[in-house]
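Novice: Mind having a look at this structure? Questions to follow.
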C-alpha cells in the first residue's frame, strides 16, 4: 500500500463535529472505491466541494445514502464506502470528478473532502501503478500504470496511455513544454512541476475539453478517438489551449484572482498565449490579428450598447472575448508609454507579489497600472451609446487600422435577427443542419413558431447567396416593404412587414496593429 497525504481544512458548519478522515482508494473495473474512515461516529458527512457533481457515485455501505452535498446514514457510523465511477458526461460540470485514462484514472481529489475535516489519502494500488503529481493533492491526481508517465528533464510530467500517441496528444505535449519554457523565462519558476494528462476517454459531449487545478495538473480530455483526425485549424486551437492552460499556472494558481472578475485572469491567459506563441514563432502577427479580430467582433456582439457591461463580461463567452481585448488595449497603451514589455510587466508584478505573500489581485490593481484615462476603463465605464465609436477612436490613436468584413455567416445571423425583431416577441434561434438554416422558436414567433427550415428569403438561398440575400432585405426594409420568406415543405409564401432598416453588421478585420510578439531578451 502506498500512503500519501492531502491536507485541506474547511471551515466547520454549525452541526459538523471536528473529525479527522482517512480515505483509502482502491482500483476496480468500474472506477475507484473510496473507503472513508472517521475518527468519531456520525450520521451526516457534508462534502466541502459543493460544486462537484457526484451523480455517478454510489454507496456500497448498507443503510447509507448519497445526496448531491452529503453522505447520510440511518445510524451513527465511522466507516462508509463509496464507488466512484467515471463521470458519464461533462455537460454542465466544472472540474470532472473522475476520468478514465487508459487503465488508470484522473481524480479531482478535493471532491472527496468532507467539510471541517483534514483529509488523509491512502492509495492501495497495484505494484505497476503510481500517483502523479506527488502531492499535495489539492487538484487533479493521476492513479494508474507508471508506464503512462514521462518525466521531462525540465521537471514537466506528461501522462498519456496511447502508443503511438495521436497527433493531437503529441501537439499538446510539445506546446506544453514550449509554453513552460517561455513562461518560466518570463515569470520565473513555478512552486511545483507542471503535469499534463491527455486521455481519449473523455465523457463528452464536446469533442475536446480541459482544465488546470491547484495541484499543477492539467487534465485534457478528448471525447472519442479523434486525436489523428484533426485538421490544421483544429490543431492550432489545441496549441492555443495548451498555452492558455499553462498561463493559468502563473496567473491563477500562483497569483490569485479575486472573485467576481473572471474576464481579468481568463483574458490574461488568452492574450498571454498570443504573446507567447508569437514571441517563439509558433504563430505570426497575421494569425494573432485574426484571433484578435474575432475576439473584438464577439465582444461587440456580446455587450453592444447594453448598460450592464460588467455583468455581461463576467459570464459566458464574453469573459474570454472581451477579456482578451481588454488585455490587448492595455498592452498597446503600456508599450506606447514607458513600459516596453507592456501587459507582460503587469502580470510579472502580480506574480512577484504572489511570491512575497500578496497573491490576490483584481481590477483595481490593473487600474493602478493603467490609470483612469485608459481606453480599458473607457470601454468598461464610458457611455454605453458611444462605447464602440469611442473604442474605434482609441484604436486609431493606438495605430490600429481595421476594415469591416462581415462573413456570410455574419450576414445570415444579422438577417435572421432582424426578421425576429419584426415578428417575434420571444426568442428565436437557428442552426445549420444538412446544408440548410433551421429555425426554432416558441408560439410567440408568428409564422415561424416551432421548427422550420428556410428555403429562401427574398428569393435567395440564405447560405448559397448570403450577401445577395442580405442586400435584398436591406433594400426592401429601406422602403418599409414586405419581405417574402419561403420555408421547406410549404408552397405558401410568408409575408413579413419590415418596419426598420437592416444595418450592416460590424465584423472587425484588423489590418495593421503594433506587434504582439516580444523579443525574448525582454524577459526578466
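The values are calculated or read from the model by the stated rules, or taken from the named source; none is laboratory data. Since this is a predicted model, take the numbers as computed values, not measurements. With ideal geometry, Cβ positions are generated from the backbone for all residues, glycine too; neighbour counts draw on all protein chains shown.
Novice: Residue by residue through the stretch 466-510, note down the ones that are surrounded by 12 or more Cβ atoms within 10 Å (Cβ to Cβ) and under 30 Å from residue 328 (Cα atoms).
Specialist: Answer for the stretch 466-510, where residues must be surrounded by 12 or more Cβ atoms within 10 Å (Cβ to Cβ) and under 30 Å from residue 328 (Cα atoms): 504, 505, 506, 507, 508, 509, 510.
Okay, residues lined up against (1) in the same structural domain as residue 322 (by TED's automatic domain parsing); (2) crowded, with 22+ Cβ neighbours inside 10 Å; (3) within 23 Å of residue 507 (Cβ to Cβ):
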position: 250; (1), (2), (3): no, yes, no
position: 262; (1), (2), (3): yes, no, no
position: 265; (1), (2), (3): yes, yes, no
position: 268; (1), (2), (3): yes, yes, no
position: 271; (1), (2), (3): yes, yes, yes
position: 284; (1), (2), (3): yes, no, yes
position: 293; (1), (2), (3): yes, no, yes
position: 299; (1), (2), (3): yes, yes, yes
position: 302; (1), (2), (3): yes, no, yes
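Novice: Name the single residue, out of those in the stretch 353-374 being without any contact (Cβ under 8 Å) to a residue 60 or more places away in the chain and assigned to a helix (DSSP H, G or I), that is nearest to residue 397 (Cα to Cα).
Specialist: The qualifying residue nearest to residue 397 (Cα to Cα) is 370.
Novice: I would also like to ask the following. Listed residues 216, 210, 139; which is buried (at least 16 other Cβ atoms within 10 Å of the Cβ), touching a helix residue (DSSP H, G or I) at 6+ places or on another chain (Cβ under 8 Å), closer than 27 Å to residue 265 by Cα and free of Cβ contacts under 8 Å to residues at least 40 places away in the same chain?
Specialist: 210
Novice: Do we have any residue at all in the stretch 481-495 that's outside any strand (DSSP E or B) and closer than 30 Å to residue 327 by Cα?
Specialist: Checking the stretch 481-495: not a single residue is outside any strand (DSSP E or B) and closer than 30 Å to residue 327 by Cα.
Novice: Give me the residue from the stretch 406-425 that is at pLDDT below 90 and assigned to a loop (DSSP other than H, G, I, E, B) and, out of that set, farthest from residue 480 (Cα to Cα).
Specialist: 425
Novice: What about residue 396, is it under 28 Å from the mean Cα position of the chain (by Cα) and assigned to a helix (DSSP H, G or I)?
Specialist: So residue 396 fails the test.
Novice: Within the stretch 222-245, does at least one residue satisfy the condition of being part of a strand (DSSP E or B), buried (at least 21 other Cβ atoms within 10 Å of the Cβ) and touching a residue at least 24 places away in the same chain (Cβ under 8 Å)?
Specialist: Within the stretch 222-245, one or more residues are part of a strand (DSSP E or B), buried (at least 21 other Cβ atoms within 10 Å of the Cβ) and touching a residue at least 24 places away in the same chain (Cβ under 8 Å).
Novice: Residues that are within 25 Å of residue 197 (Cβ to Cβ), in contact with a helix residue (DSSP H, G or I) (Cβ under 9 Å, 6 or more places away or on another chain) and in contact (Cβ under 8 Å) with a residue 60 or more places away in the chain: which strands (runs of 3 or more DSSP E) entirely in the stretch 36-106 hold 1 or more of them?
Specialist: 98-101
Novice: Related question: So, residue 444, is that one modelled with pLDDT under 95 and surrounded by fewer than 17 Cβ atoms within 10 Å (Cβ to Cβ) or not? Steps first, please.
Specialist: Values: modelled with pLDDT under 95: yes; surrounded by fewer than 17 Cβ atoms within 10 Å (Cβ to Cβ): yes.
Yes.
For (1) more than 19 Å from residue 141 (Cα to Cα); (2) modelled with pLDDT under 90, each residue gets a yes or a no:
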position: 9; (1), (2): no, yes
position: 13; (1), (2): yes, yes
position: 31; (1), (2): no, no
position: 42; (1), (2): yes, no
position: 46; (1), (2): yes, no
position: 61; (1), (2): yes, no
position: 67; (1), (2): yes, no
position: 73; (1), (2): yes, no
position: 80; (1), (2): yes, no
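Novice: Now, a different point. Identify all residues within the stretch 317-352 that are under 22 Å from residue 518 (Cβ atoms), touching a helix residue (DSSP H, G or I) at 6+ places or on another chain (Cβ under 7 Å) and not in a helix (DSSP H, G or I); write none if there are none.
Specialist: Hits for the stretch 317-352 are 339, 340, 341, 342.
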